[in-house]
Amino acid sequence: MIIVMNSRATDKEIDLVVERLTTVGLKAHVSRGASRTIIGVIGDKKQITNFNVETLPGVVKSIAVTDDYKLVSREFQEEDTIVDVGGITIGGNQVVVMAGPCAVESREQLLMAADMVKKAGAQFLRGGAYKPRTSPYAFQGLEEEGLKFLAEARDATGLKVVTEVIDVESIPVVSHYADMLQIGSRNMQNYQLLKAVGRNNKPVLLKRGLSATINEWLNAAEYILSEGNPNVILCERGIRTFETYTRNTLDLSAVAAVKNISHLPVIVDPSHATGIWRLVQPMSKAAIAAGADGLIVEVHPDPAQALSDGKQSLTPENFTTLMGEIGSIAAAVGKRL
Ligand code: PEP
Ligand code: MN
(Lines give C-alpha, C1' and ligand atoms only; values in the text may rest on other atoms or scores of the structure.)
(Ligands and ions follow the chains in the order given, each with its own letter.)
Protein backbone atom coordinates (compact mmCIF):
# COMPACT_ATOMS: atom_id res chain seq x y z
CA MET A 1 0.00 0.00 0.00
CA ILE A 2 1.07 3.55 -0.70
CA ILE A 3 -0.28 6.41 1.41
CA VAL A 4 -0.49 9.82 -0.26
CA MET A 5 -0.30 12.71 2.19
CA ASN A 6 -1.85 16.12 1.65
CA SER A 7 0.66 18.60 0.16
CA ARG A 8 0.29 20.68 3.35
CA ALA A 9 0.57 17.72 5.74
CA THR A 10 2.65 18.62 8.78
CA ASP A 11 5.56 16.61 10.17
CA LYS A 12 3.36 15.76 13.14
CA GLU A 13 0.68 14.28 10.86
CA ILE A 14 3.28 12.27 8.95
CA ASP A 15 4.82 11.04 12.21
CA LEU A 16 1.41 9.96 13.47
CA VAL A 17 0.81 7.79 10.40
CA VAL A 18 4.26 6.22 10.77
CA GLU A 19 3.64 5.61 14.49
CA ARG A 20 0.28 3.91 13.82
CA LEU A 21 1.84 1.69 11.18
CA THR A 22 4.74 0.71 13.40
CA THR A 23 2.39 -0.11 16.30
CA VAL A 24 0.71 -2.82 14.22
CA GLY A 25 4.05 -4.21 13.06
CA LEU A 26 4.17 -2.59 9.61
CA LYS A 27 7.21 -0.83 8.16
CA ALA A 28 6.88 2.71 6.78
CA HIS A 29 9.17 4.28 4.17
CA VAL A 30 8.66 8.01 3.92
CA SER A 31 9.46 9.72 0.63
CA ARG A 32 9.29 13.51 0.72
CA GLY A 33 8.84 14.70 -2.86
CA ALA A 34 8.78 18.29 -4.10
CA SER A 35 4.98 18.44 -4.15
CA ARG A 36 3.78 15.72 -1.76
CA THR A 37 4.89 13.14 0.76
CA ILE A 38 4.29 9.47 0.05
CA ILE A 39 4.50 6.71 2.63
CA GLY A 40 5.23 3.21 1.37
CA VAL A 41 3.86 0.49 3.64
CA ILE A 42 5.40 -2.94 3.76
CA GLY A 43 4.67 -5.97 5.87
CA ASP A 44 1.95 -8.57 6.39
CA LYS A 45 -0.74 -8.26 3.67
CA LYS A 46 -3.62 -8.91 6.09
CA GLN A 47 -2.45 -6.20 8.47
CA ILE A 48 -2.17 -3.78 5.55
CA THR A 49 -5.72 -4.55 4.34
CA ASN A 50 -7.12 -4.04 7.85
CA PHE A 51 -5.28 -0.78 8.38
CA ASN A 52 -7.72 2.09 8.01
CA VAL A 53 -5.50 5.03 7.28
CA GLU A 54 -7.81 7.45 5.51
CA THR A 55 -9.31 8.70 8.75
CA LEU A 56 -5.96 10.05 9.93
CA PRO A 57 -5.27 13.80 9.55
CA GLY A 58 -3.21 14.83 6.54
CA VAL A 59 -3.94 11.67 4.53
CA VAL A 60 -5.39 12.16 1.03
CA LYS A 61 -5.77 8.53 0.02
CA SER A 62 -4.24 5.10 0.16
CA ILE A 63 -3.50 3.11 -2.97
CA ALA A 64 -3.34 -0.67 -2.96
CA VAL A 65 -0.30 -1.70 -4.97
CA THR A 66 -0.82 -4.82 -6.99
CA ASP A 67 2.84 -5.17 -7.98
CA ASP A 68 4.81 -7.05 -5.37
CA TYR A 69 7.48 -4.35 -5.33
CA LYS A 70 6.67 -0.91 -3.97
CA LEU A 71 9.68 1.15 -2.90
CA VAL A 72 11.33 0.89 -6.31
CA SER A 73 8.20 1.98 -8.21
CA ARG A 74 7.43 5.38 -9.70
CA GLU A 75 4.12 5.31 -7.87
CA PHE A 76 6.07 5.52 -4.63
CA GLN A 77 8.61 8.07 -5.87
CA GLU A 78 7.92 10.21 -8.92
CA GLU A 79 11.34 11.82 -9.21
CA ASP A 80 14.38 9.94 -10.51
CA THR A 81 16.71 8.65 -7.84
CA ILE A 82 20.15 10.15 -8.19
CA VAL A 83 22.84 8.08 -6.52
CA ASP A 84 25.85 10.03 -5.33
CA VAL A 85 29.07 8.03 -5.18
CA GLY A 86 31.63 10.34 -3.61
CA GLY A 87 30.59 13.28 -5.79
CA ILE A 88 29.89 11.31 -9.00
CA THR A 89 26.15 11.21 -9.60
CA ILE A 90 24.31 8.42 -11.40
CA GLY A 91 20.75 8.92 -12.64
CA GLY A 92 20.82 12.62 -13.44
CA ASN A 93 21.55 14.16 -16.82
CA GLN A 94 25.10 12.88 -17.03
CA VAL A 95 25.96 9.55 -18.67
CA VAL A 96 28.35 7.76 -16.32
CA VAL A 97 30.95 5.34 -17.65
CA MET A 98 32.51 2.50 -15.66
CA ALA A 99 35.36 0.66 -17.33
CA GLY A 100 38.16 -1.75 -16.62
CA PRO A 101 39.11 -5.39 -16.91
CA CYS A 102 36.78 -8.29 -16.21
CA ALA A 103 39.15 -9.47 -13.48
CA VAL A 104 41.95 -7.89 -11.51
CA GLU A 105 44.86 -10.04 -12.69
CA SER A 106 47.94 -8.23 -11.36
CA ARG A 107 48.99 -4.85 -9.98
CA GLU A 108 50.58 -3.84 -13.30
CA GLN A 109 47.57 -4.89 -15.39
CA LEU A 110 45.14 -3.02 -13.17
CA LEU A 111 47.14 0.19 -12.79
CA MET A 112 47.69 0.30 -16.55
CA ALA A 113 43.97 -0.27 -17.24
CA ALA A 114 42.98 2.36 -14.66
CA ASP A 115 45.31 4.95 -16.15
CA MET A 116 44.02 4.29 -19.67
CA VAL A 117 40.30 4.37 -18.85
CA LYS A 118 40.77 7.51 -16.79
CA LYS A 119 42.52 9.23 -19.69
CA ALA A 120 39.67 8.20 -22.00
CA GLY A 121 37.15 9.85 -19.64
CA ALA A 122 35.63 7.08 -17.48
CA GLN A 123 34.51 7.97 -13.93
CA PHE A 124 34.59 4.47 -12.45
CA LEU A 125 37.08 1.62 -12.52
CA ARG A 126 35.57 -1.85 -12.68
CA GLY A 127 37.39 -5.13 -12.01
CA GLY A 128 36.49 -8.34 -10.23
CA ALA A 129 38.59 -9.50 -7.30
CA TYR A 130 36.15 -12.33 -6.55
CA LYS A 131 35.11 -13.98 -9.79
CA PRO A 132 32.03 -16.20 -10.06
CA ARG A 133 33.22 -18.46 -12.91
CA THR A 134 31.22 -21.07 -14.76
CA SER A 135 34.07 -23.59 -14.38
CA PRO A 136 35.61 -24.23 -10.95
CA TYR A 137 38.99 -24.62 -12.75
CA ALA A 138 38.91 -21.12 -14.26
CA PHE A 139 40.72 -18.16 -12.60
CA GLN A 140 38.76 -17.32 -9.45
CA GLY A 141 40.23 -13.89 -8.73
CA LEU A 142 42.91 -12.41 -6.46
CA GLU A 143 40.45 -11.74 -3.63
CA GLU A 144 41.71 -9.26 -1.00
CA GLU A 145 44.99 -8.68 -2.83
CA GLY A 146 42.92 -7.65 -5.87
CA LEU A 147 40.87 -5.28 -3.73
CA LYS A 148 44.10 -3.62 -2.54
CA PHE A 149 45.17 -3.07 -6.15
CA LEU A 150 41.77 -1.51 -6.88
CA ALA A 151 42.17 0.87 -3.93
CA GLU A 152 45.68 1.75 -5.09
CA ALA A 153 44.37 2.45 -8.60
CA ARG A 154 41.68 4.70 -7.12
CA ASP A 155 44.31 6.64 -5.18
CA ALA A 156 46.44 7.00 -8.30
CA THR A 157 43.66 8.10 -10.67
CA GLY A 158 40.75 9.46 -8.63
CA LEU A 159 38.42 6.92 -10.28
CA LYS A 160 35.69 5.40 -8.10
CA VAL A 161 35.84 1.64 -7.67
CA VAL A 162 33.03 -0.81 -8.37
CA THR A 163 33.66 -4.49 -7.72
CA GLU A 164 31.63 -7.63 -7.16
CA VAL A 165 30.72 -9.06 -3.78
CA ILE A 166 29.84 -12.75 -4.16
CA ASP A 167 28.76 -13.70 -0.64
CA VAL A 168 27.63 -12.30 2.69
CA GLU A 169 30.95 -13.11 4.41
CA SER A 170 33.01 -10.92 2.09
CA ILE A 171 30.79 -7.81 2.36
CA PRO A 172 32.94 -6.18 5.09
CA VAL A 173 36.23 -6.61 3.22
CA VAL A 174 34.80 -5.55 -0.17
CA SER A 175 33.09 -2.52 1.42
CA HIS A 176 36.36 -1.54 3.03
CA TYR A 177 38.05 -1.07 -0.37
CA ALA A 178 35.21 -0.36 -2.84
CA ASP A 179 33.03 2.69 -3.47
CA MET A 180 30.18 0.63 -4.89
CA LEU A 181 29.25 -3.05 -4.47
CA GLN A 182 28.31 -5.07 -7.53
CA ILE A 183 25.81 -7.90 -7.24
CA GLY A 184 26.47 -10.20 -10.19
CA SER A 185 23.91 -11.79 -12.44
CA ARG A 186 24.30 -15.19 -10.83
CA ASN A 187 23.52 -13.73 -7.43
CA MET A 188 20.54 -11.57 -8.37
CA GLN A 189 18.21 -13.88 -6.48
CA ASN A 190 20.54 -14.62 -3.55
CA TYR A 191 18.13 -13.06 -1.08
CA GLN A 192 20.42 -13.28 1.95
CA LEU A 193 23.07 -11.38 0.02
CA LEU A 194 20.53 -8.79 -1.18
CA LYS A 195 19.30 -8.23 2.37
CA ALA A 196 22.84 -7.93 3.68
CA VAL A 197 23.85 -5.27 1.13
CA GLY A 198 20.56 -3.57 1.95
CA ARG A 199 21.80 -3.14 5.52
CA ASN A 200 25.14 -1.80 4.27
CA ASN A 201 25.69 1.86 3.42
CA LYS A 202 27.55 1.43 0.12
CA PRO A 203 25.66 2.00 -3.16
CA VAL A 204 24.80 -1.23 -4.98
CA LEU A 205 25.04 -2.04 -8.68
CA LEU A 206 22.44 -4.76 -9.20
CA LYS A 207 22.91 -6.77 -12.38
CA ARG A 208 19.92 -8.43 -13.98
CA GLY A 209 19.88 -12.23 -13.56
CA LEU A 210 20.75 -14.42 -16.55
CA SER A 211 17.11 -15.39 -17.03
CA ALA A 212 15.33 -12.92 -14.78
CA THR A 213 12.15 -11.15 -15.80
CA ILE A 214 11.89 -7.40 -15.24
CA ASN A 215 9.53 -8.14 -12.34
CA GLU A 216 12.04 -10.48 -10.66
CA TRP A 217 14.81 -7.93 -11.19
CA LEU A 218 12.79 -5.11 -9.61
CA ASN A 219 11.85 -7.39 -6.72
CA ALA A 220 15.54 -8.08 -6.16
CA ALA A 221 16.08 -4.31 -5.93
CA GLU A 222 13.10 -4.09 -3.57
CA TYR A 223 14.91 -6.48 -1.19
CA ILE A 224 17.79 -4.01 -0.96
CA LEU A 225 15.61 -0.91 -0.53
CA SER A 226 13.35 -2.59 2.00
CA GLU A 227 16.37 -3.13 4.26
CA GLY A 228 17.13 0.59 4.24
CA ASN A 229 19.61 1.14 1.39
CA PRO A 230 18.05 3.44 -1.25
CA ASN A 231 21.20 3.67 -3.39
CA VAL A 232 20.61 1.00 -6.01
CA ILE A 233 21.61 1.19 -9.66
CA LEU A 234 20.15 -1.41 -12.01
CA CYS A 235 22.31 -2.95 -14.72
CA GLU A 236 20.94 -4.63 -17.86
CA ARG A 237 23.61 -7.13 -18.98
CA GLY A 238 21.75 -9.29 -21.46
CA ILE A 239 19.50 -12.27 -20.92
CA ARG A 240 19.46 -15.88 -22.14
CA THR A 241 17.49 -16.40 -25.33
CA PHE A 242 17.59 -18.97 -28.14
CA GLU A 243 20.24 -16.89 -29.94
CA THR A 244 23.73 -18.36 -29.69
CA TYR A 245 25.72 -15.99 -31.91
CA THR A 246 25.92 -13.49 -29.07
CA ARG A 247 26.73 -14.51 -25.49
CA ASN A 248 23.39 -13.09 -24.31
CA THR A 249 20.68 -10.91 -25.87
CA LEU A 250 20.80 -7.27 -24.85
CA ASP A 251 17.26 -6.39 -23.77
CA LEU A 252 17.15 -2.68 -24.51
CA SER A 253 13.39 -2.56 -24.11
CA ALA A 254 14.00 -3.41 -20.44
CA VAL A 255 15.95 -0.17 -20.07
CA ALA A 256 13.06 1.91 -21.39
CA ALA A 257 10.52 -0.17 -19.43
CA VAL A 258 12.38 0.13 -16.14
CA LYS A 259 12.80 3.88 -16.60
CA ASN A 260 9.01 4.06 -16.84
CA ILE A 261 8.08 1.86 -13.92
CA SER A 262 10.93 2.63 -11.54
CA HIS A 263 12.76 5.74 -10.33
CA LEU A 264 16.08 3.89 -10.03
CA PRO A 265 18.99 4.63 -12.39
CA VAL A 266 19.69 1.99 -15.07
CA ILE A 267 22.98 1.34 -16.79
CA VAL A 268 23.92 -1.14 -19.52
CA ASP A 269 26.75 -3.66 -19.77
CA PRO A 270 27.27 -4.17 -23.52
CA SER A 271 30.28 -6.44 -22.89
CA HIS A 272 28.52 -9.33 -21.12
CA ALA A 273 25.37 -8.68 -23.15
CA THR A 274 27.10 -9.43 -26.45
CA GLY A 275 30.31 -11.30 -25.60
CA ILE A 276 31.86 -9.79 -28.75
CA TRP A 277 34.05 -6.68 -28.58
CA ARG A 278 32.99 -5.46 -32.03
CA LEU A 279 29.40 -5.18 -30.84
CA VAL A 280 30.25 -3.17 -27.74
CA GLN A 281 30.45 0.18 -29.48
CA PRO A 282 27.12 0.00 -31.39
CA MET A 283 25.28 -1.40 -28.37
CA SER A 284 26.72 1.32 -26.12
CA LYS A 285 25.30 3.95 -28.44
CA ALA A 286 21.95 2.18 -28.62
CA ALA A 287 21.85 1.92 -24.81
CA ILE A 288 22.34 5.64 -24.33
CA ALA A 289 19.76 6.40 -27.02
CA ALA A 290 17.30 4.11 -25.19
CA GLY A 291 17.72 6.15 -22.00
CA ALA A 292 20.44 4.34 -20.05
CA ASP A 293 22.09 6.43 -17.34
CA GLY A 294 25.48 4.93 -18.03
CA LEU A 295 27.60 2.04 -19.22
CA ILE A 296 29.87 -0.56 -17.67
CA VAL A 297 32.43 -1.74 -20.22
CA GLU A 298 35.23 -4.29 -20.08
CA VAL A 299 38.58 -2.82 -21.14
CA HIS A 300 41.89 -4.72 -20.96
CA PRO A 301 45.40 -3.42 -21.79
CA ASP A 302 45.90 -6.62 -23.84
CA PRO A 303 42.62 -8.50 -24.41
CA ALA A 304 44.40 -11.43 -26.10
CA GLN A 305 46.19 -12.16 -22.80
CA ALA A 306 43.15 -11.64 -20.52
CA LEU A 307 42.46 -14.36 -17.94
CA SER A 308 38.73 -13.88 -18.44
CA ASP A 309 36.40 -12.38 -21.05
CA GLY A 310 39.15 -11.28 -23.47
CA LYS A 311 36.83 -11.73 -26.48
CA GLN A 312 34.45 -9.06 -25.25
CA SER A 313 37.08 -6.68 -23.88
CA LEU A 314 37.96 -3.47 -25.68
CA THR A 315 41.55 -2.38 -26.16
CA PRO A 316 42.25 1.02 -24.58
CA GLU A 317 42.35 2.47 -28.13
CA ASN A 318 38.90 1.12 -28.97
CA PHE A 319 37.58 2.36 -25.64
CA THR A 320 38.95 5.84 -26.37
CA THR A 321 37.17 5.77 -29.74
CA LEU A 322 33.95 4.69 -28.03
CA MET A 323 34.20 7.56 -25.55
CA GLY A 324 34.67 9.96 -28.45
CA GLU A 325 31.53 8.72 -30.15
CA ILE A 326 28.97 8.51 -27.38
CA GLY A 327 29.02 12.19 -26.43
CA SER A 328 26.86 13.17 -29.39
CA ILE A 329 24.36 10.37 -28.62
CA ALA A 330 24.14 11.60 -25.03
CA ALA A 331 23.56 15.15 -26.28
CA ALA A 332 20.83 13.94 -28.64
CA VAL A 333 18.84 12.64 -25.64
CA GLY A 334 19.46 15.73 -23.53
CA LYS A 335 22.33 14.36 -21.49
CA ARG A 336 26.04 14.97 -21.32
CA LEU A 337 28.99 12.66 -21.04
C1 PEP B 1 31.15 -9.00 -14.29
O2 PEP B 1 30.67 -7.87 -14.50
O3 PEP B 1 32.32 -9.18 -14.04
C4 PEP B 1 30.27 -10.18 -14.34
C5 PEP B 1 30.66 -11.36 -13.88
O6 PEP B 1 29.08 -9.92 -14.92
P7 PEP B 1 27.68 -10.71 -14.81
O8 PEP B 1 27.40 -10.91 -13.36
O9 PEP B 1 26.74 -9.78 -15.50
O10 PEP B 1 27.86 -12.00 -15.56
MN1 MN C 1 33.51 -10.39 -17.38
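Taking 8 Å as the Cα distance limit and 6 or more residues as the minimum spacing, I'd like the relative contact order of the chain as a percentage.
Reported relative contact order: 16 percent.
Tell me which aspartates and glutamates have Cα within less than 13 Å of Lys160's Cα, excluding those fewer than 8 residues away on the same chain?
Asp84, Asp115, Glu152, Asp179
At a Cα cut-off below 16 Å, give the aspartates and glutamates reachable from Lys131, other chains included and same-chain residues fewer than 8 away excluded.
Within the straight-line cut-off, Lys131 pairs with Glu105, Glu143, Glu144, Glu145, Glu164, Asp167, Glu169, Glu298, Asp309.
What percentage of the solvent-accessible surface of region 2-63, computed with a 1.4 Å probe over protein heavy atoms, is contributed by carbon and sulfur atoms?
Carbon-and-sulfur percentage of accessible area, whole number: 48.
Please report, as a whole percent, how much of the solvent-accessible surface of region 185-262 comes from carbon and sulfur atoms (probe radius 1.4 Å).
Answer for region 185-262 is 49 percent, counting heavy atoms of protein chains only.
Could you work out Rg/(2.2 N^0.38 Å) for region 193-337, with Rg from alpha carbons only?
1.07
Given H placed on each backbone N at 1.01 Å, which residues far from Leu142 in sequence or on other chains put an amide H within less than 5 Å of it?
Val104
Compactness ratio of the chain: Cα Rg over 2.2 N^0.38 Å, N = residue count?
1.04
Taking chymotrypsin sites (Phe, Trp or Tyr not before Pro) as candidate sites, keep only those in a DSSP loop with at most 15 other Cβ atoms within 10 Å, then name the longest stretch of the chain containing none of them.
1-136
Using the heavy atoms of the protein chains and a 1.4 angstrom probe, tell me the accessible area per residue for the chain in square angstrom.
43 Å²
Mind listing the long-range amide H neighbours of Leu205? Cut-off is under 5 Å, sequence gap 5 or more, other chains count too, H placed in the peptide plane at 1.01 Å from N.
Sorted by chain and number, the residues that satisfy this are Leu181, Gln182, Ile183, Ile233.
If you average the sequence gap of Cα pairs under 8 Å that are 6 or more apart and divide by the length of region 70-163, what percent do you get for the contact order?
27 percent
By a straight-distance test (C-alpha under 17 Å), which aspartates and glutamates pair with Lys259 as possible cross-link partners, with residues fewer than eight away in the same chain excluded?
Excluding near neighbours in sequence, the set is Asp67, Glu75, Glu78, Glu79, Asp80, Glu216, Glu222, Glu236, Asp251, Asp269, Asp293.
Plugging the Kirkwood radius over Cα pairs into Stokes-Einstein for region 2-63, at a temperature of 10 °C and a viscosity of 1.306 mPa s, what D comes out in µm²/s?
Answer from the Stokes-Einstein relation: 139 µm²/s.
With both bridge residues required to lie in region 83-332, what share of the DSSP beta bridges run antiparallel, to the nearest 5%?
Once the DSSP bridges in region 83-332 are tallied, antiparallel ones form about 15 percent.
How much of the accessible area of region 83-155, probe 1.4 Å, is carbon plus sulfur, in whole percent?
In region 83-155, the share of accessible area belonging to carbon and sulfur is 50 percent.
Along the charge dipole of the chain, Cβ charges K/R +1 and D/E -1, which of Ile39, Thr81, Ile224 sits furthest on the positive end?
Ile39
The values are calculated or read from the model by the stated rules, or taken from the named source; none is laboratory data. Keep in mind that this is a model prediction, so the values were computed, not measured. Every residue, glycine among them, receives a Cβ derived from its backbone with ideal geometry; neighbour counts consider all protein chains shown. Protein only, heavy atoms only, side chains kept; ligands, DNA and RNA dropped before computing areas. Shrake-Rupley method; radii C 1.70, N 1.55, O 1.52, S 1.80 Å.
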